[in-house]
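Written below as structure tokens is the structure these notes are about.
Read the figures in this text as sums done on the coordinates, not as results from a lab. What you see is a predicted model, and the numbers here were worked out from it, not measured in a lab. Cβ: placed from backbone, ideal geometry, glycine included. Neighbour counts: every protein chain shown.
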Amino acid sequence: MPAPPASLDEFRGLFSESPDPRQWPHVATAVTYRRAIRVLAGHLRCAPTEHAVYERRLATDADEYAREILGATGTGLLLVDEGFPPADLTTTWRKLGELAGCDARPVLRIEQMAETAALTALEGPASFDAPASLDRLRETVAGARGRGYAALKTVAAYRGGLDLEALPPPARGDRLEGAPLRAVLLAALEANQATGDPLPVQIHTGFGDPDLRLATARPELLAPLLERFRETTFVLLHCYPFVRAAGWLAHVYSNVFFDLSLTIPHVARPEAAVAEALELAPLSKLLYASDASRTPELYLLAATWWREALAEVLPTLLPEEDAVTAARMILRENALRVYRLG
């Protein structure tokens with residue numbers, strides 16, 4: 001695992017989507033962070049203060065600490081995005097599975113794949129939507145399932161937005177973003193669907209760090225894409241603060257599923273997010289996920305608060321026996337079916 005945080009403020013920053021160190025002292029006053037400290041202290045058997053939790057982390061070997069925290073989540077299988085965090089700030093998906101004591105499968109990020117394809121196909125500056133680059137991309141996508149990938153993923157929300165017809169000119173030439181992204185995404189999705197056995201495609205929607213513009217990350221902007229690729233399963237990730245919109249898409253499109261990763265563990269009232277998700281969406285369309293990265297604590301917090309939220313919300317909507325069945329679907333069975341992992 002990466003080196004432990006060098007200061008208490010850096011530790012606080014692990015519980016925030018802000019990369020700005022000036023923001024991290026404010027994290028200590030966040031309701032979710034204060035709840036997190038109490039949960040972590042209970043598992044670590046230390047005083048319920050951030051200083052005690054932080055000192056306990058520093059005093060424990062990084063891998064041992066990760067095993068202790070990840071092992072407490074009760075996770076049976078991990079899907080791991082290979083594209084984030086950068087390799088020097090994280091561990092491999094295989095190692096993460098070993099630390100958690102469970103199976104793990106990789107997820108292939110389309111933007112990173114396209115950037116690699118462009119550099120491989122061409123000499124000199126990369127041209128992401130050049131014919132040679134797109135051909136290499138199609139070849140990589142077509143063989144992804146055979147190489148063990150469980151899904152594809154796009155972070156178009158970070159690269160110009162989810163309305164592919166309104167992408168701006170690229171602001172940077174060293175990464176795939178803006179208008180060239182449209183050709184790349186369409187090529188990847190066409191190649192995936194053309195296999196006849198397409199991988200599910202994860203799409204970042206809703207909030208994230210400041211690189212993203214929230215107005216262009218609304219799930220409903222994806223409707224033309226969802227209709228164009230009817231034979232492809234799409235999983236909308238995160239969704240906050242547009243949880244109801246994601247639930248509507250899952251309600252009207254047979255090929256749309258969604259999760260509340262990142263939303264849980266970051267929002268102060270996870271039960272409210274779960275309740276919003278289930279206002280319209282069928283139980284079979286909502287998937288447990290954490291989107292945890294950079295630090296093991298987020299895995300435990302997500303697992304804890306998802307379970308608590310479902311235990312609070314489902315009995316208000318369903319008879320007891322049905323509520324237990326629904327919780328099992330959301331926490332495990334839906335993902336096994338969607339990603340064909342069973």
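Here are the numbers:
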read-out	value
Spacing of the two label points (7 Å from each Cα toward its C-beta) at Leu280 and Asp197, in nm	3.4 nm
Options Ile203, Leu70, Leu164, ranked by Cα towards positive dipole end of the chain, top entry (Cβ charges)	Leu70
C-alpha long axis of helix 31-44 to longest principal axis of the chain, angle in °	70 degrees
Whole-angstrom gap from the stretch 113-192 to the stretch 3-67, using each part's C-alpha centre	36 Å
Distant-in-sequence amide H partners of Leu78 (H built 1.01 Å from N, under 5 Å)	Asp103, Ala104, Arg105
Helix-only [θ]222 nm of the chain, DSSP H runs n ≥ 4, -39500 (n - 2.57) each, per residue, nearest 500	-13000 deg cm²/dmol
Estimated vicinal HN-Hα couplings, Hz - the stretch 333-341 in sequence order (Karplus 6.51, -1.76, 1.60; Gly, Pro = x)	5, 4, 5, 4, 6, 5, 8, 6, 10
With Cα atoms, 0 to 90° folded angle of helix 243-252 axis to the chain main axis	50 degrees
For Glu276, net neighbour charge (Lys/Arg +1, Asp/Glu -1) across residues whose Cβ lies under 14 Å away	-1
Spin-label model distance (nm) - Glu227 vs Asp209, 7 Å beyond Cα toward Cβ	3.6 nm
Proximal charge balance of Arg172 [Cβ under 13 Å; K/R count +1, D/E count -1]	-3
Length released on extending from Arg244 to Ala52, taking residue separation times 0.36 nm less the Cα-Cα span	65.3 nm
Dipole in debye (nearest 20) - the chain, about Cα centre, beta carbon charges: Lys, Arg +1; Asp, Glu -1	220 debye
Using a Förster distance of 30 Å, the FRET efficiency for Glu220-Leu119 (Cβ separation, nearest 0.05)	0.30
Ellipsoid equivalent to the chain - semi-axes via the Cα gyration tensor, in Å	32, 25, 19
Degrees between helix 131-142 axis and first principal axis of the chain (Cα, 0 to 90, nearest 10)	50 degrees
